[in-house]
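The numbers here are math on the coordinates, done by the rules we state, and not lab data. This is a predicted model, so every value here is computed, not measured. Every residue, glycine as well, gets a Cβ built from its backbone with ideal geometry; the counts of neighbours run over all protein chains shown.
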Amino acid sequence: MGQQLKENRILFFMVVALLAWCLPGAGHFLLNEKKRSIIIFVTIVLTFGAGIYIGSIGVIEPVGAKPWYIAQIMNSPMVSVLGYATAGGSYPVYGRPGEIGQIYTSISGLLNLLCIVNAVYLANLSRAKVAGG
Amino acid sequence: MPIMDIWIMASFTSPERIGINPQSTLWLIPLVAAIAIVYKATKLPTITLGNFIKETMALFGSTVAFMVITTLVLYVLAWIIAI
């Protein structure tokens, strides 16, 4: 019984984390934290959108800028679709706009990572409350 | 495809024109705002409009103030070393 409860908890945390990764704020939405989820979604999407607007979608570069790409993919797995499209180097990216775009998209990814961790933490707290902890 | 759609899509496939000048560092301000908003959204126990705006502005202001102070200190240091 205890083992099953523990497994369910881990599964629940994984679902929360996966949802939060797939769509910024969705993890908090699942936990009924609607205000938080809206704020997180709007801010992260706007920051990421600003980054690819300033630097072009070429700032998502899975081959030439791998460390940046790892941070960028924290926004959502859908970023890998953009990475696949830009892998051939067909979109120009250069100079200061390229730097700013890369920083914006990477920071928004790292902010989403913070939100994923926070969503799992809140899920743990709410589970502990339900269990009477 | 309507011209408006093409224009929007095209604006994401070529970079904006931003020169390498001191003004370009002002691009950090929206980023600091985004960091302050998301950080406070995760840290506040309950979110009310007034409290959230107050807390976010305090974090945003202190971050920008710290960066300005750091810039001034580095500028003075560079000036002292140069003379």
Subtracting the Cα-Cα distance from 0.36 nm times the residue separation, let me have the gained length for A:Leu46 to A:Leu110 in nm, one decimal. 21.6 nm
Need one word for chain B: rounded, prolate or oblate. Basis is the Cα gyration tensor (sqrt eigenvalues a ≥ b ≥ c); a/c below 1.5 gives rounded, then a/b vs b/c decides. oblate
Choose one of A:Leu11, A:Cys22, B:Thr25: the residue whose Cα lies farthest towards the positive end of the charge dipole of the protein assembly as shown (beta-carbon charges +1 Lys, Arg; -1 Asp, Glu; about the Cα centre). A:Leu11
Once you charge only the Cβ atoms, +1 for Lys and Arg and -1 for Asp and Glu, what is the size of the charge dipole of the protein assembly as shown about its Cα centre, to the nearest 20 debye? 680 debye
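Using Cα pairs under 8 angstrom and six or more residues apart, how large is the relative contact order of chain A, in percent?
Answer for chain A is 33 percent.
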Crossing angle, helix A:2-22 versus chain A [Cα axis fit, 0-90 degrees, rounded to tens]: 30 degrees
Just to be sure I understand the model, the point goes 7 Å from the Cα along the line to the Cβ. What's the resulting B:Ala58 to B:Thr71 distance in nm? 2.5 nm
Tell me the mean residue ellipticity at 222 nm calculated for the protein assembly as shown from its helices only (DSSP H runs of n ≥ 4, each -39500 (n - 2.57), averaged over every residue, nearest 500). -24500 deg cm²/dmol
The protein assembly as shown - Debye-derived log10 I(q)/I(0), Cα point model, q = 0.07, 0.11 Å⁻¹: -0.28, -0.66
Per residue of segment B:67-74, in order, report the coupling 6.51 cos²θ - 1.76 cosθ + 1.60 (Karplus, θ = phi - 60°) as ³J(HN,Hα) in whole Hz, putting x for Gly and Pro. 5, 5, 4, 4, 4, 5, 4, 5
